[in-house]
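Remarks on the structure that follows.
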Amino acid sequence: MEPTKQSNAPYWPILPSAIALAGIMLFIFASFGPPASSSGFVTTLKGFFMQFAPEYAAGKAHYRMMPGPGSWLMVFVLGMALGGFIGGRTFSREIEDVPQIWRERFGAGRFKRFGSAFLGGFLILFGARLAGGCTLGLFLSGATQLSLSGLYFGVVIFAVAMLTARLLYKRRRTSS
């Protein structure tokens, strides 16, 4: 039997990455319950309203059921951002802040690239909170429990991401 070759792919190996993600999810479930990343922002807002409009915060059932500022939820959100940054910087190849496909379509400006990424993330967060849920909770937690709604949402979010990429970047023609 031939030894397997080391992959030249720029991504982390799938098996250790899957084991690490499963371990993190298990730790979060066991320690804190289902993850709720979009709730981190809500706890921060609750702290703001408790300081400047306490009657508003006290009158909303949603804020009454959320932990106050300083809970683990906002640290979880910041940890995801930090983890993404570390993951991006530890790839086996250099990561571009503004990829070539973006430069070809929208220019080389980092501000426009980062602003667009932030806006897209904000729209997903806003939609999740508007629906009373969380994209991470629905997809990762639901899929790990083999929930049909979690699996369905995963398929839908990836399909919409592919459609959005197609619309944003247009179809790239390759010469034959």
**Asked** Whole-Hz Karplus ³J(HN,Hα) for segment 142-158, in order, using 6.51 cos²θ - 1.76 cosθ + 1.60 and θ = phi - 60°, x for Gly and Pro?
**Response** x, 5, 5, 9, 6, 6, 4, 5, x, 5, 4, 4, x, 5, 5, 5, 5
**Request:** Leaving ligands, DNA and RNA out of it, work out the accessible area of residue 146 with a 1.4 Å probe and give it in Å² to the nearest 10.
**Result:** 130
**Asked** Straight-line reach from residue 170: which aspartates and glutamates have Cα under 20 Å away, leaving out those fewer than 8 places along the same chain?
**Response** 104
**Message:** In whole Hz and in residue order, list the ³J(HN,Hα) couplings for segment 113-125 that follow from phi through the Karplus curve 6.51 cos²θ - 1.76 cosθ + 1.60, θ = phi - 60°; x for Gly and Pro.
**Reply:** 5, 5, x, 5, 5, 5, 4, x, x, 5, 5, 5, 4
**Message:** Need one value: the accessible area of residue 41 in square angstrom, 1.4 angstrom probe, rounded to the nearest 10.
**Reply:** 90
**Request:** Using a 1.4 angstrom probe on heavy atoms only, work out the carbon and sulfur share of the accessible area of segment 13-93 in %.
**Result:** 76
**Asked** Which whole-number value in Å² is the accessible area per residue of segment 13-93, probe 1.4 Å?
**Response** 65
**Request:** Starting with the highest mean, order 19-27, 68-76 by the number of other Cβ atoms within 10 Å, averaged over the residues of each peptide.
**Result:** 68-76, 19-27
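The values are calculated or read from the model by the stated rules, or taken from the named source; none is laboratory data. Just so you know, these numbers come straight off a predicted model, no measurement behind them. We place every Cβ from the backbone using ideal geometry, glycine too, and count neighbours over all the protein chains shown. Areas reflect the complete protein model, heavy atoms only, side chains present, ligands, DNA and RNA absent. Shrake-Rupley method; radii C 1.70, N 1.55, O 1.52, S 1.80 Å.
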